[in-house]
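Data first, discussion second: the structure below is written as structure tokens.
The values are calculated or read from the model by the stated rules, or taken from the named source; none is laboratory data. Please read all numbers here as calculations on a predicted model, not as lab measurements. Cβ atoms come from the backbone with ideal geometry, glycine included; neighbour counts cover every protein chain shown. Please note that ligands, DNA and RNA were not included when accessible areas were found on the heavy atoms of the full protein model with its side chains. Shrake-Rupley method; radii C 1.70, N 1.55, O 1.52, S 1.80 Å.
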Amino acid sequence: MASSTDGRTTRWTEHRTTRRRELVEHALRAIRKRGAAVGMEDIAAQAGTSKTVIYRHFGDRAGLYAAVVANVHDFIHHGLEAALQLSDPSDLPVLAHDLADAYLSLVERDPEIYRFVLSPPTADAAARIDPYGGLLEIIGGHVSQAIANHLITNGQDPAPAATWGNGLVGFVRAVADNWVASGQTKTRQVLVAEIDAFFTPALAIGLAAVPQPQEQR
């Protein structure tokens, strides 16, 4: 009897997980069609269901927002990781270029979804749900490690790596936020070129300025 009950519970849990995932996909489609200010009615219509069903699975609009944010985080994380794996970690200006281009490409692909993520539905949701959900720290860690490896390989002190890596990621994120908020009046290529113009000389000067480790006496 217990085994049968456990089996039904497992199947119900799997069903709910699948249904939540489907509803999030429908929400993303509705956002793309209707924009970041999409209503729950539009999302329900896209899913071919009612708002009551959506609330049953997510509790309220804030719960659906949190699920969409988690989905977007996964998408951006995988996209940036793939771009960083293909980049040349021994050339820091190229690494900065590839990170900026990859992040802005992901934003350019789904600007309304990015706007949705940056617009929590309530003050309570804004207080409880981080639109970036630790994503910047994760990617900042990857970039910082690449910079540290580069400095070590060239016999330099890796101490500035975390400052530069996290600063680069935060800079690109701020540029993306402003780009979306201002209606994307510039092309992605122009933005990336402007980021290159700032970081290429900055990284070159920074690398030259890092003091060499002193020999042990």
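With a Förster radius of 30 Å, plug the Cβ-Cβ distance of A162 and R29 into 1/(1 + (r/R0)^6) and report the FRET value to the nearest 0.05.
Numbers: r = 39 Å, r/R0 = 1.30.
About 0.15, to the nearest 0.05.
Given N residues in the range 97-217, what is its alpha carbon radius of gyration divided by 2.2 N^0.38 Å?
Values: Rg = 17.3 Å, N = 121, 2.2 N^0.38 = 13.6 Å.
That works out to 1.27 for the range 97-217.
Accessible surface of H73 in the full protein assembly, 1.4 angstrom probe, to the nearest 10 Å²?
Roughly 30 Å² of H73 is accessible to a 1.4 Å probe.
Determine how many Å³ per residue the convex hull of the Cα atoms of the range 78-157 encloses. Intermediate values should be presented prior to the final figure.
Numbers: hull volume 7.6 nm³, N = 80.
Taking the convex hull of the Cα positions in the range 78-157, it is 95 Å³ per residue.
Semi-axes of the range 1-84's equivalent ellipsoid from the Cα gyration tensor, sqrt of 5 times each eigenvalue, largest first, rounded to whole Å? Write down the numbers at each step before the final one.
Working: eigenvalues 142, 82, 18 Å².
Ellipsoid half-lengths, sorted descending, are 27, 20, 9 Å.
Could you state the number of Å between the C-alpha centres of the range 26-49 and the range 79-135?
22
Go through (i) 67, 45, 23; (ii) 74, 52, 31; (iii) 70, 51, 23 and flag the label whose value is the computed Cα extents along the principal axes in Å for this structure.
Computed from these coordinates, Cα extents along the principal axes in Å corresponds to label (ii).
Between A126 and I205, what's the calculated FRET efficiency when r is the beta-carbon distance and R0 is 45 Å? Round to 0.05.
On the way: r = 38 Å, r/R0 = 0.85.
Once the sixth-power term is evaluated, E becomes 0.75.
Find the accessible area per residue for the range 41-100; the probe is 1.4 Å, ligands and nucleic acids are left out, and the unit is Å².
On the way: 2720 Å² over 60 residues.
Here the residues of the range 41-100 average 45 Å² of exposed surface.
For the chain, find the longest principal axis of its Cα atoms and tell me its angle to the long axis of helix 2-34, 0 to 90°, nearest 10.
In the chain, helix 2-34 runs at an angle near 70 degrees to the longest axis.
Calculate what fraction, in whole %, of the accessible area of the chain sits on carbon and sulfur atoms when a 1.4 Å probe is rolled over the protein chains. List each step's numbers first, then the result.
Details: 6500 of 11790 Å².
C and S atoms contribute 55 percent here.
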